[in-house]
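A short write-up of the structure that comes next.
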């Protein structure tokens, strides 16, 4: 393992309350590398989808836990989300699934994760499922200072740029 990598692992209850903690914890880990807000946002959104799926589809009714591991480097990251399985059926996971119709309320998790990650794999672990995603980033993209970030941020947040929304959400979630 690269000594310049930041490695973090979490084991959390399989509840929606854990989702906010995971988002904040991952944002703090990502903040230690000079990633662009767009690249950090890709990983955070993909992680949210993977953890949400693990909570809803890969956990026993009486709770259970989810494990999240992340290794972040200047040029990329690997994110692994593992659930315990619901115990009542074999999961039917199609990582190549096409997006559902626009009126369908479900079925967007894997298409979203697939579009955000550079590589996505699904594997069985005991009765659970492991999602592994790899993200490549341009290590130079995050080095450019954002001239709007030097002000109080009000103007840039109101402009609605994706990176500014990410920074605003980090502050609110923490």
Residues of the range 69-81 that turn out to be assigned to a loop (DSSP other than H, G, I, E, B) and either in contact with a strand residue (DSSP E or B) (Cβ under 8 Å, 6 or more places away or on another chain) or closer than 15 Å to residue 109 by Cα (or both), as a count: 1
Residues satisfying the stated conditions in the range 21-68, i.e. in a strand (DSSP E or B) and closer than 23 Å to residue 111 by Cβ: 66, 68
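Please work out if residue 152 is closer than 22 Å to residue 41 by Cα, surrounded by 15 or more Cβ atoms within 10 Å (Cβ to Cβ) and at pLDDT below 70.
Numbers: closer than 22 Å to residue 41 by Cα: yes; surrounded by 15 or more Cβ atoms within 10 Å (Cβ to Cβ): no; at pLDDT below 70: yes.
Here the answer is no, as residue 152 does not meet what is asked.
Please count how many residues of the range 95-114 are out of contact with any strand residue (DSSP E or B) (no Cβ under 9 Å at 6 or more places or on another chain) and either at pLDDT 90 or above or assigned to a loop (DSSP other than H, G, I, E, B) (or both).
Taking the range 95-114 and keeping what is out of contact with any strand residue (DSSP E or B) (no Cβ under 9 Å at 6 or more places or on another chain), we get 96-109, 111-112.
Adding the requirement that they be either at pLDDT 90 or above or assigned to a loop (DSSP other than H, G, I, E, B) (or both) leaves 96-108.
Number satisfying all stated conditions: 13.
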If I filter the range 114-128 down to residues being under 13 Å from residue 80 (Cα atoms) and in contact with a helix residue (DSSP H, G or I) (Cβ under 6 Å, 6 or more places away or on another chain), which single residue comes out as surrounded by the most Cβ atoms within 10 Å (Cβ to Cβ)? 117
In the range 9-20, what count of residues is obtained for those that are in contact (Cβ under 8 Å) with a residue 60 or more places away in the chain and assigned to a strand (DSSP E or B)? 1
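Conditions (1) touching a residue at least 40 places away in the same chain (Cβ under 8 Å); (2) farther than 17 Å from residue 83 by Cα; (3) surrounded by fewer than 18 Cβ atoms within 10 Å (Cβ to Cβ), marked per residue:
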{"position": "7", "(1), (2), (3)": "yes, yes, yes"}
{"position": "22", "(1), (2), (3)": "yes, no, no"}
{"position": "37", "(1), (2), (3)": "yes, yes, no"}
{"position": "40", "(1), (2), (3)": "yes, yes, no"}
{"position": "46", "(1), (2), (3)": "yes, no, no"}
{"position": "49", "(1), (2), (3)": "yes, no, no"}
{"position": "55", "(1), (2), (3)": "yes, no, no"}
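Residue by residue, here is whether (1) out of contact with any helix residue (DSSP H, G or I) (no Cβ under 7 Å at 6 or more places or on another chain); (2) at pLDDT below 95; (3) within 20 Å of residue 118 (Cβ to Cβ) holds:
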| residue | (1), (2), (3) |
| --- | --- |
| 1 | yes, yes, yes |
| 14 | no, yes, no |
| 19 | no, yes, no |
| 35 | no, yes, yes |
| 59 | yes, yes, no |
| 68 | no, no, yes |
Are any residues in the range 57-75 within 13 Å of the chain's Cα centre (by Cα) and crowded, with 18+ Cβ neighbours inside 10 Å, and if so, which ones? 68, 70, 71, 72
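The values are calculated or read from the model by the stated rules, or taken from the named source; none is laboratory data. Everything numeric here is computed off the predicted structure, so don't read it as measured data. Using ideal geometry, Cβ is built from the backbone for each residue, glycine included, and neighbour counts are taken over all protein chains shown.
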